[in-house]
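The values are calculated or read from the model by the stated rules, or taken from the named source; none is laboratory data. Keep in mind it's a predicted model, so treat the numbers as computed, not measured. Counting neighbours? That spans all protein chains shown, and the Cβs are built from the backbone with ideal geometry, glycine included. All accessible areas refer to the heavy atoms of the entire protein, side chains included, with ligands and DNA or RNA removed. Shrake-Rupley method; radii C 1.70, N 1.55, O 1.52, S 1.80 Å.
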Amino acid sequence: DSSSVAELLNECLALEDAGKVGSALQKAAQALNLAASSGDSVCVGRVLVIEAWLRFRLGQYPQAKQLVEKALPLLQKKSLESARAWVILGNCAGESEDLGDCEEYLRHAADICREIGGYDILIGTLHNLSSLIYMPRGQFKLSLATDQEALRLTQEHHLTEMSWGPLVTMAWVYWLTSQRKLAFATLDLLEAVIQPGSLGEGYYYTIKANLFVDTGRFD
């Protein structure tokens, strides 16, 4: 049963990657029924976390939060699934503009990842802290330091496909603080890792346009 649940969740995430979130939710429902029938509470918790992520993607923040709150008691406190659950809670709080809870939940996720070695989740969590908490608060030094740590981890653990997020926030902070040379240099690094037509490319051109406006290059 656990292997069948895992297969369903893999299909679920593949559908999500393809932008078919509704179909992914159907797979998650199948996985949840199978996990519940097996009596494996940890497996149920994992499925609930995946469904919570899908609900978050759809902007259904209260539903996502409820699912995470059901999942956490079923999961090991120091596990990747638990860390993902805290990230989702943090993101939901951030979307509700509750920056205090957002920071608390994301820090908790980061602490778990630092202890057990979930570096991909840690990188995303650090980036969220920088972009959702520290930059909006005007804590620019802390924002840069946090995303610099995230960027270093992408290099150390061969996760360079995740480097665009930290580079975007760093370039944005350099622009906000009138450090234009550093902003342009960071954009050069960003240009080397972004995919055509991606969100990262959109940020690249947005920041570059802002920098050109600041220097009078309105064309």
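For the range 17-71, the solvent-accessible area works out to 51 Å² per residue, with a probe of 1.4 Å and every protein chain left in place.
The dipole here belongs to the range 132-217: it is taken about the Cα centre, uses +1 on the Cβ of Lys and Arg and -1 on the Cβ of Asp and Glu, and is about 380 debye.
Full extension of the chain between Ser38 and Glu191 yields a length gain of 50.3 nm, computed as 0.36 nm times the residue separation minus the alpha carbon distance. Rolling a 1.4 Å probe across the protein heavy atoms gives the range 117-169 an accessible surface of 43 Å² per residue. When the C-alpha to C-alpha distance is required to be over 31 Å, the pairs from Lys78/Lys208; Lys27/Lys65; Lys20/Lys70 that qualify are Lys78/Lys208.
What percentage of the solvent-accessible surface of the range 11-113, computed with a 1.4 Å probe over protein heavy atoms, is contributed by carbon and sulfur atoms?
Values: 2430 of 5090 Å².
Roughly 48 percent of what the probe reaches on the range 11-113 is carbon or sulfur.
Quick check for me: using +1 on Lys/Arg Cβ and -1 on Asp/Glu Cβ, what's the dipole size of the range 30-150 about its Cα centre, in debye to the nearest 20?
Working: 12 positive and 15 negative charges, 31 e Å.
Dipole size: approximately 140 debye.
Highest average first, the peptides 100-107, 134-141 ordered by how many other beta carbon atoms sit within 10 Å of their residues are 100-107, 134-141. Axis of helix 140-156 versus longest Cα principal axis of the chain: the two differ by about 60°, to the nearest ten degrees. Over all projection directions, the Cα-based convex hull of the range 18-148 averages an area of 8.1 nm².
Candidates Val87, Tyr203, Asn10 compared by Cα position along the dipole of the chain: farthest toward the positive end lies Tyr203, with charges placed on Cβ. Over all pairs of different C-alpha atoms in the chain, the reciprocal of the mean inverse distance, the Kirkwood hydrodynamic radius, equals 18.5 Å. Positive-end ranking of Leu182, Leu129, Thr215 along the dipole of the chain, with charges on Cβ about the Cα centre, is headed by Thr215.
Rounded to the nearest 0.05, what FRET efficiency do His158 and Glu115 give with R0 = 25 Å and r taken as the Cβ-Cβ distance? Could you check? Please report the intermediate quantities before stating the final value.
On the way: r = 21 Å, r/R0 = 0.83.
In this case the efficiency is close to 0.75.
Between Arg217 and Thr177, the simple label model (points 7 Å from Cα in the Cβ direction) yields a spacing of 2.3 nm. Where the only charges are on Cβ atoms (+1 Lys, Arg; -1 Asp, Glu), what is the dipole of the chain about its Cα centre, to the nearest 20 debye? Around 300 debye, computed over the chain.
Computed in the context of the full set of protein chains, the accessible area of the range 154-208 at 1.4 Å probe radius has 57% of its extent on carbon or sulfur.
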